[in-house]
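Below: one structure, written as structure tokens.
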Amino acid sequence: MMSIKENKIVKVFSNNGLLVAIIILFVIMVVTSDVFLTPQNLINILSRSTSMGVIAVGMTIVLITGGLDMSVANVASMAGLLSVGLTKYQGLSEEWAIIFALLFGVGVGFANGLLVTKVKVNSLIATIATMTIVEGVIWVYSNGANIAPAPEFLEGMTSIKVFGNMPLTIFIWIGIGVLAALMLKWTKLGRSFYATGGNPEASRLSGIKTDNVRLWAYVLCGLLSAFAGMLLVSRLDAAIPTAAAGMELTVIAAAVVGGTSLSGGTGNMFGTFLGVILIAMISNSINLWGVPAAYDNVVTGSVIGAAALIDALRTRKKRIG
């Protein structure tokens, strides 16, 4: 028989497993690295998480509705290229370049939404199609070359420091996450996201326009992905065609590890935030330990696999319970 004390410990790990994992990794890094706990390294972890974190906000919304968006990374890269290239090559003002870059994200999100809701294409297939199309556009537009420097406005988002030496972009990411969390909890649209993902047929019968709800989810995801691309430009001071390569899988892992279900209807922004932090800490740890960069993909793949396993166990437990 398990004692009351042991049962409480098991419950803590069960209900707060992600937070416990972050604490354990934090302690390991403090012990094994003299650099990890320095203020600059901790700021670097947060700063390098901003783009992934903003995309993860949009991905979480799509996952809650029962969908998936594989185009987010390429949308981010292309939006970043447009935010710089439209100014440098087409002569637009910085403001209009940024607006067009954001509209590009909205447009791809709208296309994804139409394919999923109207044409009834599986979300994985639909967004892989748009991902591939956007990837082609990236290479046609950039010819494989970086575009620099970043516009003054975008550069300022990283160069402006808050509370000492923390880039403004960190607080922009947190602010977007808080607004999304409030939207999910307190607005009709937010509650409709959960209802649509949890039981689409019951939601439709109760009067929720589920197709419109899913469409909004993809549009918001496209918009946030485009904005994340500009955050990347701000941090790197250049638009790089491959800047967000592979990030679509990382943000899915972050969201799922954070409690968002791949089958829809479940998820929250705080969990996604912790998922992003955990993945960023793992990547930072690999660098500090001097592990070859090639192993980064091995670790990322392991995290994705663990996320899928966690989601499967979570779904099974829900069905049994």
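Across the stretch 231-247, coupling constants 3J(HN,Hα) worked out from phi with the 6.51/-1.76/1.60 Karplus curve, θ = phi - 60°, read 5, 5, 4, 4, 6, 8, 6, 6, 9, 10, x, 9, 4, 10, 4, x, 5 Hz, and Gly and Pro carry x. Only Cα pairs under 8 Å and 6+ residues apart enter the sum, and on that basis the relative contact order of the chain stands at 31 percent.
Mind sorting out which of (1) 158; (2) 239; (3) 333 is the real volume of the Cα convex hull per residue in Å³ computed from the coordinates? Comparing each candidate, only (1) matches the computed number. Annotation: extensible slack from residue 160 through residue 178 equals 4.4 nm (criterion: 0.36 nm per residue apart, minus Cα-Cα distance).
Could you tell me whether the stretch 92-208 comes out rounded, prolate or oblate from its Cα gyration tensor? Rule is a ≥ b ≥ c as square roots of the eigenvalues, rounded for a/c under 1.5, then prolate if a/b exceeds b/c, otherwise oblate. Taking the square roots of the gyration eigenvalues as a ≥ b ≥ c, the stretch 92-208 is oblate. Note that the stretch 141-150 has calculated 3J(HN,Hα) couplings of 6, 8, 6, x, 9, 5, 10, 9, x, 5 Hz, one per residue in order, obtained from phi through the Karplus relation 6.51 cos²θ - 1.76 cosθ + 1.60 (θ = phi - 60°); glycine and proline are x. Using R0 = 30 Å, the C-beta based FRET efficiency linking residue 35 and residue 293 works out to 0.95. In the chain, with Lys and Arg counted as +1 and Asp and Glu as -1 at Cβ, which of these residues, 123, 93, 26, has the Cα nearest the positive end of the dipole, that is, farthest along it? Farthest towards the positive end: 123. Apolar share of the accessible surface for the chain: 68 percent from carbon plus sulfur atoms, 1.4 Å probe.
Within a straight-line Cα-Cα reach of under 20 Å, residue 118 can be paired with the following aspartates and glutamates, leaving aside sequence neighbours fewer than 8 residues apart in one chain: 69, 201, 211. Below 18 Å, Cα to Cα, which aspartates and glutamates can residue 161 reach? Residues fewer than 8 away in the same chain don't count. By straight Cα distance, residue 161 reaches 152, 237.
Of the chymotrypsin sites (Phe, Trp or Tyr not before Pro) found in the stretch 85-139, those that fall in a DSSP loop while having at most 15 other beta-carbon atoms within 10 Å are 89. Rounded, prolate or oblate, given the Cα gyration tensor of the stretch 209-321, with a/c below 1.5 counting as rounded? Cα axes put the stretch 209-321 in the oblate bin.
Here the relative contact order of the stretch 230-321, from alpha carbon pairs under 8 Å that lie six or more residues apart, stands at 28 percent.
Across 45, 147, 160, mean-square fluctuation computed from a Gaussian network of the chain (C-alpha pairs under 10 Å connected) peaks at 160.
The values are calculated or read from the model by the stated rules, or taken from the named source; none is laboratory data. These numbers were taken from a predicted model, which means no experiment stands behind them. With ideal geometry, Cβ positions are generated from the backbone for all residues, glycine too; neighbour counts draw on all protein chains shown. Quick note on the areas: whole protein, heavy atoms, side chains included, nothing else; ligands and nucleic acids left out. Shrake-Rupley method; radii C 1.70, N 1.55, O 1.52, S 1.80 Å.
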